[in-house]
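Peer 1: Input: one structure, supplied below.
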Amino acid sequence: MSFVADRRTRALGLIAVAVALLLALAGVPATSAQGTTINALYSSDAVPADDPFSPRWDLVRAVAVPLSGQVTTQPMLPVANVTGVDVRAMTDGDRLAIMLEWQDTTRNESVLTADAFADQAAVQFGLGEGASICMGAQAGALNIWHWKADWAADLASMREIEAAHPNMPRDEHWPAQSPGASPDPLGPHGFLSGQMAGNLRSLPRTSSVEDLTAVGFGSLTAQPADRQEVQGASAHRDGRWRVVFSRKLADPDPTDAPLATARTFVVAFAVWDGARGDRNGQKSVSNWVALGIPQRPLGLLDGWPFLVMIVLALSLAGWMLWLGARQPAVGLSGPK
Amino acid sequence: MTRRSAGAWPAWGVTIAARSLAAWLLVAVAADLLLTRTLVRLVIFMPKSPVMAGVAQAMGWLAAAVDALVPVLGLLLLAVLLLNGGRTRAPLSWRAGLAFAAAVAAGGLALLLVPPVPSGQLVVDALLLVSLGALCLPALRAMARPAGPDVMAWGLSGFTLLAVAGAATLAALARGVDAAGALGGGPGGPSLTIWLRAAGELAYLAGATLFGLAGLGEAARGRAVVQPRWIAVAAVAVVALLGASLAAPLSLGILLMWSLGLSGTFPVFLYAAVAAVAIAGGSALAGARREAAFGLAIALLAGYTLAASGLVLATLLGLALAVPAIAGAGKAAARPADRGRVGSERLVAPVAPRG
């Protein structure tokens, strides 16, 4: 006898297939992730976004997220240089702050020479059901917050390449530094093409975090300067980095993570150890984890819809068991 | 239909409808493993020409449908098992385990709809642990009885059940430790969760091995045949695993994690050997003891880390399907009159003559 030969059961199976197709078409998730969850703590005071070593961060439980090497695409990092990162999150209803903490005995903040690489860290938010952890996909883009230790150092004092090579011959900046030159209609930065083009890497730093979008390998794109909404704060102490990313929850930009409207996100993390030559794809990466963002202070009673659903399910199951016990004929097959 | 006919059912819980839906669920979980958890993720590694990008998008959509099919079929099968559990006077703990499985399913759904609170995950994990224990209790009782000469008829299946249930228990405990830490505030205990997950992975691999050995044992006693086509499938799996380990060992590790939740820390030949034994032996077990084989296969194919609520439900249902077969076989083996009749025909409710 074929296992799927029963006509009524086959009809049920086909209905199940149709329901699943409809759910997929409508983009309605039928399963939830029950893996590691980072629950942001709701704070009645403003989040300590500017102070990574604020004692208030120690009130938030750190979730240890393991990292592995990036071996999906070139350039690869076969063995992770940073094996784990502790993650904390906090919100005050206006702003979300995520703090990453990891061990790194060396502080690398310069990229001014060809063989120097900075420490870095990133958080990526999946923006759709089909988001691939590997730099996103057409079916689901990523919003990436990328902190760079060299950008953080530049915030205190912008360093040019002359800082690494003080005796290098240099061309004067045309035209402002050319004696006798006529005033340039383009202004003193007329020939600084990067700045004129609005390249974030050339512009004066306003944040140590770059706000980016990606939909697949090779598609990583910085958002325009006027849409860079993520702030960063970082400190290196006792051989550990602490980096805080923060952004306002409300943000109309469709390419940004909708922190104000969604309650749970899938997020992933990456860390670069500059001292070991990490750069670009050579990074230590995590798997997806869930990030829960409460929109208001949560108490025990806030779980009531959850408890009601469980009680309802138990009641329904009990009723079905009772129904089965009372009426032996009830069921999809059996003696007639 | 009278109450009297219910008493004529030799086994509890598993009827023809449940068997059929179990077959649907097995196919859905296998498709989820191959398509959603393996092929779609394999495509990530491939260059995306415009054609490939279209193919990848279509596969992603199909994978989402398969991903939804698992919980939908799971809920249908759960309803049938609940009805049959009451009708066939199944052991109370098994029925309670099913009821708690329904609560676990509701909890998984609730996590999509309600604000995330740490206590929510903790409650779901606690329900999962209770459900696992209650479902497996009848099998434990059967296995605790003095074993007769036919002990090997159910012994390996029973130990498979315990290993798979143990793996799910350890994974749930690891998550529970995480969630409990979140409730209490302050740093959690990552080292404990790492040990729990590692022990769970070993239990899962042991379960897969015992699953295959149970089938090979049936074949050795002449109760089943290892079909050549399944030997071929096992060979393909071994070649694929070993080939991938030579060509792209790191990518293989990632795929193992994404598909079955395995860490990839053990030598690849161990995974290959386990896969070969499980595939070849499992097919033989399906010939001799279909309910146990289908149930255990569903639980094994759902994977180890059980991160998706649909797969959690599939694992519970797989164990729920296997337990009556194993507990029933244990009973039968303990009764001299029933020795030698420990086949699937004794463990499934008879179909009434039609017409």
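Peer 1: May I ask you to verify whether residue A:22 is at pLDDT 80 or above and closer than 30 Å to residue B:252 by Cβ? Lay out the reasoning, then the answer.
Peer 2: Working: at pLDDT 80 or above: yes; closer than 30 Å to residue B:252 by Cβ: no.
Judged against the criteria, residue A:22 is not a match.
Peer 1: Residue A:16 is checked against (1) within 7 Å of chain B (Cβ to nearest Cβ); (2) surrounded by fewer than 21 Cβ atoms within 10 Å (Cβ to Cβ); (3) modelled with pLDDT of 85 or more and fails just one. What number does that condition carry?
Peer 2: (2)
Peer 1: Enumerate the pairs (first residue in segment B:223-235 and charged (D, E, K, R); second residue anywhere and modelled with pLDDT under 90) with beta-carbon separation below 6 Å, excluding pairs fewer than 6 apart on the same chain, so at least 6 apart or on different chains.
Peer 2: B:223/B:288
Peer 1: Conditions: (1) modelled with pLDDT of 80 or more; (2) surrounded by fewer than 18 Cβ atoms within 10 Å (Cβ to Cβ); (3) of a type in the set (Ser, Thr, Tyr). Residue B:191 meets all but one. Number of the miss?
Peer 2: Among (1) modelled with pLDDT of 80 or more; (2) surrounded by fewer than 18 Cβ atoms within 10 Å (Cβ to Cβ); (3) of a type in the set (Ser, Thr, Tyr), the lone unmet condition for residue B:191 is (1).
Peer 1: Among the listed residues B:263, B:251, which satisfies the condition of being among the polar types (S, T, N, Q), within 12 Å of chain A (Cβ to nearest Cβ) and within 19 Å of residue B:168 (Cα to Cα)? Write out each step before concluding.
Peer 2: Details: B:251 fails: within 19 Å of residue B:168 (Cα to Cα).
Among B:263, B:251, only B:263 is among the polar types (S, T, N, Q), within 12 Å of chain A (Cβ to nearest Cβ) and within 19 Å of residue B:168 (Cα to Cα).
Peer 1: Could you please give the count of residues in segment B:284-325 that are part of a helix (DSSP H, G or I) and within 14 Å of another protein chain (Cβ to nearest Cβ)?
Peer 2: We begin by selecting, within segment B:284-325, every residue part of a helix (DSSP H, G or I); these are B:284-288, B:290-301, B:309-325.
If we keep only those that are within 14 Å of another protein chain (Cβ to nearest Cβ) too, we end up with B:286-287, B:290-291, B:293-295, B:297-298, B:309-317, B:320-321.
Count: 20.
Peer 1: Another question about this same structure. Among the candidates A:40, A:24, single out the residue that is surrounded by 14 or more Cβ atoms within 10 Å (Cβ to Cβ) and either closer than 30 Å to residue B:69 by Cβ or not assigned by TED's automatic domain parsing to the domain that holds residue A:257 (or both).
Peer 2: Working: A:40 fails: either closer than 30 Å to residue B:69 by Cβ or not assigned by TED's automatic domain parsing to the domain that holds residue A:257 (or both).
Step by step, each of A:40, A:24 is checked, and only A:24 is surrounded by 14 or more Cβ atoms within 10 Å (Cβ to Cβ) and either closer than 30 Å to residue B:69 by Cβ or not assigned by TED's automatic domain parsing to the domain that holds residue A:257 (or both).
Peer 1: Still on this model: Can you tell me which residue among A:228, A:223 is in the same structural domain as residue A:132 (by TED's automatic domain parsing) and within 30 Å of residue B:50 (Cβ to Cβ)?
Peer 2: A:223
Peer 1: Mind checking which residues of segment A:41-62 are facing chain B (nearest Cβ under 9 Å) and of a type in the set (Gly, Ala, Ser)?
Peer 2: Across segment A:41-62, the qualifying residue is only A:62.
A quick yes/no check of all residues on (1) more than 21 Å from the chain's Cα centre (by Cα); (2) of a type in the set (Val, Ile, Thr):
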site	(1), (2)
B:58	yes, no
B:62	yes, no
B:72	no, yes
B:79	no, no
B:84	no, no
B:89	yes, no
B:94	no, no
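Peer 1: Do you know which of the residues in segment B:157-173 that are surrounded by fewer than 24 Cβ atoms within 10 Å (Cβ to Cβ) and modelled with pLDDT under 90 is farthest from residue B:104 (Cα to Cα)?
Peer 2: B:159
Peer 1: Exactly one condition in (1) surrounded by fewer than 23 Cβ atoms within 10 Å (Cβ to Cβ); (2) away from every other protein chain (no Cβ under 14 Å) is false for residue A:119; which is it?
Peer 2: Among (1) surrounded by fewer than 23 Cβ atoms within 10 Å (Cβ to Cβ); (2) away from every other protein chain (no Cβ under 14 Å), residue A:119 violates only (1).
Peer 1: Considering B:85, B:74, which residue is assigned to a helix (DSSP H, G or I) and facing chain A (nearest Cβ under 8 Å)?
Peer 2: On the way: B:74 fails: facing chain A (nearest Cβ under 8 Å).
One residue alone meets the criteria, B:85.
Quick grid of which residues meet (1) buried (at least 22 other Cβ atoms within 10 Å of the Cβ); (2) facing another protein chain (nearest Cβ under 8 Å); (3) over 30 Å from residue B:74 (Cα atoms); (4) modelled with pLDDT of 90 or more:
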{"site": "A:29", "(1), (2), (3), (4)": "no, yes, no, no"}
{"site": "A:36", "(1), (2), (3), (4)": "yes, yes, no, no"}
{"site": "A:64", "(1), (2), (3), (4)": "no, yes, yes, no"}
{"site": "A:69", "(1), (2), (3), (4)": "no, yes, yes, no"}
{"site": "A:72", "(1), (2), (3), (4)": "no, yes, yes, no"}
{"site": "A:83", "(1), (2), (3), (4)": "no, no, yes, no"}
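Peer 1: Could you please give the count of residues in segment A:318-336 that are at pLDDT below 80 and within 7 Å of another protein chain (Cβ to nearest Cβ)?
Peer 2: Total meeting the criteria: 9.
The values are calculated or read from the model by the stated rules, or taken from the named source; none is laboratory data. In this text the structure is predicted, and so the values were computed from the model without any measurement. Cβ coordinates were reconstructed from backbone atoms using ideal geometry, including for glycine residues, and neighbour counts include every protein chain displayed.
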